[in-house]
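Nothing in this text is a laboratory measurement; each read-out follows from the coordinates by a stated rule. Just so it is clear, the model here is predicted, and its values are computed rather than measured. All Cβ positions, glycine included, derive from the backbone under ideal geometry; neighbour counts span all protein chains shown.
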Amino acid sequence: MPVKSDRWIRRMALDHRMIEPFESGQVRNGSISYGLSSFGYDIRVAPEFKVFTNVHNLVVDPKAFDERSFVDVTGDCIIPPNSFALARTVEHFKIPRDVLVLCVGKSTYARCGIIVNVTPLEPTWEGFLTLEISNTTPLPAKIYGGEGIAQLVFFQGDEPPKVAYADRSGKYQGQVGVTLPKL
């Protein structure tokens, strides 16, 4: 599976609405960069965060997740030491049937101890990405809403899979806001 170049990403974004809104080049203007790069696309984090809190002393259970584990934050976000937040991307994605997308963190945040995790964007998945942003440091960490947070790398398969995400009615298909764990 070869990694796809900026020309391929631009064509897919413009012709097939794979990324919306789409920035055809790197946007910096005093912000953490986002937009099309040589072999990927730098995504932005929307200014809507769910920050983990221990106020209610709840157990984190992926089979019975309690929304009281979070505090909602709008705008820029401060993540407490050794904690994390959930957020979503500014961009909406429609992944083609023969494409798999991986997400890696941006070096600006990684050098500050901020790790961004996203599971792969599977063929035919569509929606806004939910991001997990971990602060691995013993200090509070600031995340800038509306600015770059991670990079997507696109891989095109030799042929489409027999069963893709939409075919099996994936539980995170079409997500709009920050989406909590589902069973």
Check: What's the FRET efficiency of residue 24 with residue 76 using the Cβ-Cβ distance as r and R₀ = 35 Å, to the nearest 0.05?
Finding: 0.85
Note to self: Under the 0.36 nm per residue contour assumption, what length would be gained going from the current alpha-carbon distance of residue 163 and residue 17 to full extension?
What the structure shows: 50.4 nm
Next item on the list: Find, to one decimal place in angstroms, the Kirkwood hydrodynamic radius of segment 70-145, where the mean of 1/r is taken over every pair of different Cα atoms and then inverted.
Entry: 13.5
Check: For the chain, what ratio Rg/Rh do Cα atoms give with a Kirkwood hydrodynamic radius?
Finding: 0.98
Note to self: Could you compute the net charge surrounding residue 58? Neighbours are other residues with a C-beta less than 11 Å from the C-beta of residue 58; K and R count +1, D and E count -1.
What the structure shows: -2
Note to self: I'd like the chymotrypsin sites (Phe, Trp or Tyr not before Pro) in segment 1-109 restricted to DSSP loop residues with at most 11 other Cβ atoms within 10 Å, sorted by number.
What the structure shows: none
Check: So which trypsin sites (Lys or Arg not before Pro) in segment 1-48 are both in a DSSP loop and have at most 12 other Cβ atoms within 10 Å of their Cβ?
Finding: 28
Item checked: Charge context of residue 46, other residues only, Cβ under 10 angstrom, K/R +1, D/E -1 -> 0
Item checked: Descending semi-axes in Å of segment 1-94, equivalent ellipsoid built from Cα gyration tensor -> 33, 16, 11
Notebook entry, point to check: Once both axes come from the Cα atoms, what is the angle between helix 6-16 and the longest principal axis of the chain, in degrees from 0 to 90, rounded to 10?
Noted result: 90
Check: Kirkwood Rh, segment 29-76, all Cα pairs: how many Å?
Finding: 13.7
Notebook entry, point to check: Which pairs break 25 Å Cα to Cα here: 50/171; 106/142; 63/142; 106/162?
Noted result: 63/142; 106/162
Check: Quick one: length gained pulling residue 65 to residue 115 fully straight, 0.36 nm per residue minus the C-alpha distance?
Finding: 15.8 nm
